[in-house]
Amino acid sequence: GLILYYMWQAQGQAFQEQCRINGDVGDTCSLSRKLISDYTEAKTFWLFVISFTYMFSNLLRAIRWQMLLSPLGYSISWYNSLFAVMSGFFFNTAIPRAGEFIRAGVVTKYEQVPFEKAFGTIVIGRIVDMLCLLSMIGLGFVFHYDNLWGYLSENLSISVSTLVILGVMGVAGLITAALVYRRVKVGVLRSSNILVQRMIMLVDGFTEGIGSIRKLPNVSMFVGISAGIWICYFLMHYLAFFAYEPTSHLGPADGLLVFDFGALGVVFPSPGGMGSYHAMVVEALKILDVDALSGFSFAMITFFTLTIFCNVVFGLISLILLPVVNKNSHDSTRLKVQDLSEQETAAGAD
């Protein structure tokens with residue numbers, strides 16, 4: 001929220017200066033009024049299209065999660081998977097990364113999937129997402145090498161070699177931790193302490209969830225769905241250009257650049273990318289010669305449509321529907337059990 005606040009202040013001052021230059025002073029020169037006007041003048045058709053594209057990506061994400069849970073022996077319903085995904089995104093708009101825990105908790109409650117296993121599959125999904133993001137950034141370099149490299153050279157305070165060294169150290173640390181855990185586990189398993197045994201079970205369940213990707217029955221479908229999710233993310237930004245006049249002239253390669261910057265803003269641990277997303281989108285559009293005020297309006301249009309409208313509205317709908325749709329399934333299961341008990345009683349009486 002602080003990043004968005006500072007951006008709002010900076011853009012507000014810039015807009016006031018522009019108004020003074022144009023001789024437009026008074027209450028009409030308000031950044032809030034400008035943003036509301038820009039949003040209301042945006043083409044509704046394209047806002048609907050990007051909303052539909054976003055929701056389709058979430059459906060693909062729900063199907064992909066079903067695929068990750070399947071090798072562990074859990075066949076969850078598509079609607080519980082989708083509702084869990086949307087519930088998680090809803091909570092992410094308030095508390096960064098809280099949604100991952102909510103997602104796991106939902107399928108634990110309604111599908112009886114152990115929390116640690118569900119969370120492990122979410123982690124592996126996020127790792128796949130990071131690889132997809134890096135691939136999209138690589139494509140961005142192909143089409144905008146000079147712009148991207150120039151921007152990173154001017155604004156990145158850490159060298160590429162340092163990043164590589166940190167990455168290698170991180171991987172080495174994970175491998176070392178895994179080896180130490182295996183050695184410690186042998187001794188711990190001999191312990192009679194219930195708490196220790198429970199901790200081992202949790203870690204094993206988590207690692208089993210992460211390892212589910214090795215047991216996928218259809219790897220090509222999993223890869224295709226993962227690619228489809230991120231193609232949808234790119235299309236959301238490219239198609240949004242047509243909703244707003246100052247960006248309507250930009251092409252697909254420009255959409256890729258804006259998407260890459262925006263995605264990096266969302267990765268930043270702020271609620272739903274609030275502020276960090278706006279800052280990165282504005283920077284990308286400045287590279288494409290779109291002024292900062294128009295860039296800020298574009299970022300607000302996409303952020304409000306996708307994060308506020310889709311995530312909040314559909315997230316709330318999901319939270320409301322979860323107990324409703326699962327009540328019917330639980331009632332059905334209870335009736336089946338009751339019928340079976342009655343049949344067994346009757347058979348015993350005979």
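Which pairs, out of Lys43/Lys109; Lys43/Lys286; Lys109/Lys215, put more than 29 Å between their alpha-carbon atoms? Each step should come with its number before you reach the end.
Values: Lys43/Lys109 41 Å; Lys43/Lys286 22 Å; Lys109/Lys215 25 Å.
The answer is Lys43/Lys109.
With θ set to phi - 60° and the Karplus curve 6.51 cos²θ - 1.76 cosθ + 1.60, what are the ³J(HN,Hα) couplings of the range 90-101 in order, to the nearest whole Hz, using x for Gly and Pro?
My calculation for the range 90-101 gives 4, 6, 5, 5, 9, 10, x, 6, 5, x, 4, 6 Hz in order.
What ranking do 94-102, 238-246 get when scored by the average of other Cβ atoms within 10 Å per residue, highest first?
Descending packing order for the listed peptides: 238-246, 94-102.
Keeping all protein chains in position, work out how much accessible area Thr93 exposes to a 1.4 Å probe, and write it in Å² to the nearest 10.
Accessible area of Thr93: about 30 Å².
Rank these residues by their accessible area, most exposed first, probe 1.4 Å: Leu59, Leu322, Leu134.
Leu134, Leu59, Leu322
If you place +1 on the Cβ of every Lys and Arg and -1 on the Cβ of every Asp and Glu, how big does the dipole about the Cα centre of the range 1-154 come out, in debye to the nearest 20?
For the range 1-154, the charge dipole is close to 520 debye.
As a test question: what accessible area, to the nearest 10 Å², does Ser248 have when a 1.4 Å probe is rolled over all protein chains in place?
Answer for Ser248: close to 40 Å² accessible.
Sorted by average packing, counted as other Cβ atoms within 10 angstrom per residue and highest first, what order do 36-47, 276-287, 66-77 take? Before the final figure, lay out the partial values.
Numbers: 36-47: 14.3, 276-287: 22.8, 66-77: 17.6.
Highest-to-lowest ranking by the protection proxy: 276-287, 66-77, 36-47.
Give me the dipole magnitude in Debye, nearest 20, for the range 211-309 about the Cα centre, with unit charges on the beta carbon: positive for Lys and Arg, negative for Asp and Glu.
That gives a dipole near 580 debye.
For the range 13-156, what log10 I(q)/I(0) values come out of the Debye formula at q = 0.18 1/Å, with one point per alpha carbon and no solvent?
Relative scattering, expressed as log10 I(q)/I(0), comes to -1.05.
Quick one: length gained pulling Leu316 to Ile175 fully straight, 0.36 nm per residue minus the C-alpha distance?
46.8 nm
Go through 219-226, 120-127, 254-261 and give me the packing order, highest mean Cβ count within 10 Å leading. Could the numbers behind the result be given before it?
Details: 219-226: 14.4, 120-127: 19.8, 254-261: 23.8.
For the peptides 219-226, 120-127, 254-261, the packing ranking is 254-261, 120-127, 219-226.
The values are calculated or read from the model by the stated rules, or taken from the named source; none is laboratory data. Everything numeric in this text was worked out from a predicted model, so none of it was measured. Using ideal geometry, Cβ is built from the backbone for each residue, glycine included, and neighbour counts are taken over all protein chains shown. Side chains included, ligands, DNA and RNA excluded: accessible areas come from the protein's heavy atoms. Shrake-Rupley method; radii C 1.70, N 1.55, O 1.52, S 1.80 Å.
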